[in-house]
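Here is the structure we will look at, set down as structure tokens.
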Amino acid sequence: MSRFPEAPKSLLIRAARGDRSDTRPTAAERPRRARGGREDLEGPHPSTFEADLSDADEYGSLDDRLGDAYDAAIDSTQPGPGQRWSTWRSVAKGQRGPEPLPEWLVTRDAAFDTELGILKTGKEADAFLLERAVPPGADPASDDPASDGAGAAERCLLVAKRYRSLDHGQFHRGTEYNEGRRTRRTRDQRAMEDRKSAWGRAVSATQWADAEFIALRDAWSAGAPVPYPVQIDGTEVLMEFIGTEEPDESGDMQAVAAPRLTRERPSDDLLESYWEQLTHGMSVLARLGFAHGDLSPYNILADGERLVIIDLPQVVDLAANPFASEVLLRDCRTVSAWFAARGLDVDPDALFADLLAQAF
Ligand SMILES: Nc1ncnc2c1ncn2[C@@H]1O[C@H](COP(=O)(O)OP(=O)(O)OP(=O)(O)O)[C@@H](O)[C@H]1O
Ligand SMILES: [Mg+2]
């Protein structure tokens, strides 16, 4: 199992104690300060942290030197470096995940988002591990969670997938995927065609993020095994972290991401169960009128006995896209090949026919 780069322990100390600088936002300024408009698109994502993890040790030693007196003087209700206010309420309702909200989700205004490290850098997007948690000392009455308990949690782990405005070339997911995809504004359409412009690249990044959020939202609501989509903000999609927290050698808890299916060698029973879960997920997508479009063991996580399909920005509209059946057949063949190589008797063509029949 792969481990994340270890979250600096003193970052967690910071999470609890905040920062003393006078440039911190006042309570009245939060949580909107993390938001950005279109003009921000050319720079880093407006919600991207300036996570400086390099001086973590220094911070720890400062803490040692100043001891308890320092603790008492610090205002722990303001985010420190590598943190921001939870962006839950700074996006419009339609940009938040579908109901019913999961119980594990933190929706309280008092929560901070703390950047814990990078999961994976990719060509088009980077995935970060993020903790959303209510800091100690937060006013418990400031924002009561819903009475049904949804969103009542105090702490959760999330993945922030941030799409990049590429500085070179084009998205490798090119025109094939955009066929039949409606863009909202003709200005955006023109911008996407003019990929040389910074605006064009920024629009593409936002649209890929939008596409992934919408696909996750629809798929999750329809019961497909995908991460819960928490929210979208510009080029950043926040979603459920698939994995576990386990103690390391020194007893500290560490987040361990679920491995990709590609490396797994499941028992016969588990292999069969994975196949059932996967084909169920593909059926749900087909009934919604989608093909995943990039389905492979690299985009499927093996979370213990549960299988989770990820990476959906390029979902293809089976009705509107003239390449759709080719794409769907490719998905069927790719996943079938992996299961066949592990010894399961599967038929990609039968799967393809079955999915098409469910779509129409
Ligand atoms: N929700 C999640 N929970 C745990 N790990 C995740 C999650 N989402 C993504 N990852 C990890 O990050 C990797 C990259 O995610 P994803 O496939 O969505 O992005 P990508 O930019 O398309 O990357 P790639 O080009 O490698 O496919 C995944 O293979 C997985 O290891
Ligand atoms: Mg991927």
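No lab work stands behind these numbers, since they all come straight from the coordinates. This structure is a prediction, so every number in the text was calculated from the model and none was measured. No Cβ is skipped: glycine too gets one built from the backbone with ideal geometry, and neighbour counts run over all protein chains shown.
Would you mind classifying segment 229-360 by shape? Square roots of the alpha carbon gyration tensor eigenvalues, ordered a ≥ b ≥ c; an a/c under 1.5 is rounded, otherwise it is prolate if a/b is larger than b/c and oblate if not.
Numbers: a/c = 2.71, a/b = 1.36, b/c = 1.99.
Oblate, since a/c reaches 1.5 and b/c is not below a/b.
Please give the peptides 219-230, 258-269 ranked by average Cβ packing (other Cβ atoms within 10 Å per residue), highest first, as a rough proxy for protection.
Values: 219-230: 21.0, 258-269: 13.9.
Packing proxy ranking, top to bottom: 219-230, 258-269.
When each of the peptides 110-121, 319-330 is scored by how many other beta carbons lie within 10 Å of its residues on average, the order from highest to lowest is 110-121, 319-330. Shown for D252, D345, D233, D218: other C-beta atoms within 10 Å of each C-beta, ranked fewest to most, produce the order D345, D252, D218, D233.
Among residues other than Q277 whose Cβ falls under 11 Å from its Cβ, what is the net charge (Lys/Arg +1, Asp/Glu -1)?
-3
Can you pull the Rg over Rh of segment 299-360, Cα-only, Kirkwood? Could you put the intermediate results ahead of the total?
Values: Rg = 12.9 Å, Rh = 13.0 Å.
For segment 299-360, the value is 0.99.
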